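**Q** Can you read through this structure? Questions will come right after.
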Amino acid sequence: MKTVKEGLVSSVGVMPNMPSAKQGLQLLEGTKVGIGQHTNICLGKPCANPKLIPSMLDENGNFHSSKAFRKAYKEGKELIKLDEAVIEIEAQYLRFKELTGRKPDYFEAHAVVSENLGKALAIVAKKYDLPFNNVNPMVENGTFRGKPIHTLPFGAFAKDYDPLSCLQDGILYHFSEDMPNVAIFHPGYLDDYILTHSSLTINRTKEVVMLTDIKTKEWLNKENIELISYKQANL
């Protein structure tokens, strides 16, 4: 929350299936931040009836891990079935709408490279007229609402990660003048759940410092970088 209220974060993705989603949204009340559906199919339990989506779950009824998806992608395999992915994505959208009372400012997926996932997101986005953020973490260019969008390089998993240097290098050497640019961060503090469920840990705290440091904002101003949210991009 510090990076939203005191820092540079302008859009926040919500994972509708996670138990803490409601609490997180309550913390965002009163802010002007854009709120998106960050569809999650690699952590926790599903929103849909598990019996309807067996290809998406492991033997314990949890989603396959992002590690399993990365392995499948490298091997040219597809872990999930298209029709089942549509069922779960739609269930997560309905949960998002239940929690927020409205459509998301952007509609995307979390940390998974899967052909069927992309197809399923497009199907649900078209059905409900949702602002589809069609980006692939393996490539820099994608689309938002059917228009070109550019993702700056993401280096948070590097052991020597310096968030400010990563942001500056992205803007100085990978910035696109022809379309909106997106910088993705995962700022936060560490608790037992993060430490036991995520490979991205201490670098989250580094991002909190960078995103709330006045020097970061001053540098962006010096480079004439205009900060907007997905909500503003919808206009």
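All of the numbers you see were taken from the coordinates with simple rules; none came from a lab. Predicted, not measured: the structure shown is a model, and the values here were computed from it. For neighbour counting, all protein chains shown are included, and Cβ atoms are generated from backbone atoms with ideal geometry for every residue, glycine included.
**Q** Grab the other residues whose beta carbon is less than 11 angstrom from that of HIS64, score K and R as +1, D and E as -1, and report the net.
**A** For residues surrounding HIS64, the net value is +1.
**Q** Let me ask something else. What residue among MET18, HIS174, MET210 has its Cα farthest toward the positive end of the dipole of the chain, where the charges are +1 on Lys, Arg and -1 on Asp, Glu, each on the Cβ?
**A** The one lying farthest along the dipole's positive direction is MET18.
**Q** Which one, GLU98, GLU84, GLU108, has the greatest fluctuation when you compute a Gaussian network model over the chain with C-alpha springs under 10 angstrom?
**A** GLU98
**Q** Shifting gears a bit: Choose one answer from GLU59, GLU223, GLU88: the residue with the largest mean-square fluctuation in a GNM of the chain with alpha-carbon springs under 10 Å.
**A** Result: GLU59 has the largest fluctuation of those listed.
**Q** With no solvent and one point on each alpha carbon, what is the Debye value of log10 I(q)/I(0) for the range 103-235 at q = 0.14, 0.16 Å⁻¹?
**A** So the normalised log intensities work out to -0.75, -0.97.
**Q** Count the DSSP beta bridges whose two residues both fall in the range 2-233, then state the antiparallel fraction as a percent rounded to the nearest 5.
**A** 40
**Q** State the percent of C-alpha pairs, over all pairs in the chain, separated by a distance greater than 21 angstrom.
**A** Tail fraction, whole percent: 58.
**Q** Work out the length of the dipole vector of the range 2-233 about its Cα centre, built from +1 on the beta-carbon of each Lys and Arg and -1 on the beta-carbon of each Asp and Glu, and round it to the nearest 20 debye.
**A** 460
**Q** Output wanted: per-residue J couplings in Hz (rounded whole) for the range 127-132, from phi through Karplus 6.51 cos²θ - 1.76 cosθ + 1.60, θ = phi - 60°, x for Gly and Pro.
**A** Those phi angles translate into 4, 10, 6, 9, x, 5 Hz.
**Q** Have a look at TYR93, CYS42, PHE144 and report the one farthest towards the positive end of the charge dipole of the chain, computed about the Cα centre with Cβ charges (Lys/Arg +1, Asp/Glu -1).
**A** Value: TYR93.
**Q** Rg to Rh for the range 106-177: what is it, with Cα atoms only and Rh by Kirkwood?
**A** 1.04
**Q** Given H placed on each backbone N at 1.01 Å, which residues far from ASP105 in sequence or on other chains put an amide H within less than 5 Å of it?
**A** Result for ASP105 returns ILE35, GLY36, GLN37.
**Q** Please list 3J(HN,Hα) in residue order for the range 155-161, calculated via the Karplus relation 6.51 cos²θ - 1.76 cosθ + 1.60 where θ = phi - 60°; whole Hz, with x for glycine and proline.
**A** x, 5, 8, 6, 5, 9, 4
**Q** Next up: In vacuum, with every alpha carbon of the range 157-205 counted as one equal point scatterer, what does the Debye formula give for log10 I(q)/I(0) at q = 0.13, 0.16, 0.21 Å⁻¹? Two decimals, please.
**A** -0.41, -0.56, -0.80
**Q** So what J values fall out for the range 84-90 if you push phi through Karplus, 6.51 cos²θ - 1.76 cosθ + 1.60 with θ = phi - 60°, rounded to Hz, Gly and Pro as x?
**A** Working through the residues one at a time gives 6, 4, 4, 4, 6, 4, 5 Hz.
**Q** Just to confirm my numbers, what's the Cα centroid distance between the range 162-186 and the range 96-138 in Å?
**A** If we compute the Cα centre of each part, the gap is 23 Å.
**Q** Could I have the simple spin-label model distance between MET1 and LYS159, label points 7 Å from Cα toward Cβ, reported in nm to one decimal?
**A** With each label placed 7 Å out from Cα toward Cβ, I get 3.6 nm.
**Q** Helix-only estimate, please: 222 nm mean residue ellipticity of the chain, summing -39500 (n - 2.57) across DSSP H runs of length 4 or more and dividing by its residues, to the nearest 500.
**A** Rounded to the nearest 500, it is -12000 deg cm²/dmol.
**Q** What is the distance in Å between the Cα centres of the range 6-47 and the range 198-227?
**A** Each part's Cα centre sits 19 Å from the other's.
**Q** Give the angle, between 0 and 90 degrees and rounded to the nearest 10, that separates the Cα long axis of helix 163-174 from the longest principal axis of the Cα atoms of the chain.
**A** Taking the Cα atoms of the chain, the angle to 163-174 is about 90 degrees.
**Q** Separate question: Could you list which residues have their amide H under 5 Å from that of MET15, counting only those 5 or more apart in sequence or on another chain, with H placed in the peptide plane?
**A** HIS38
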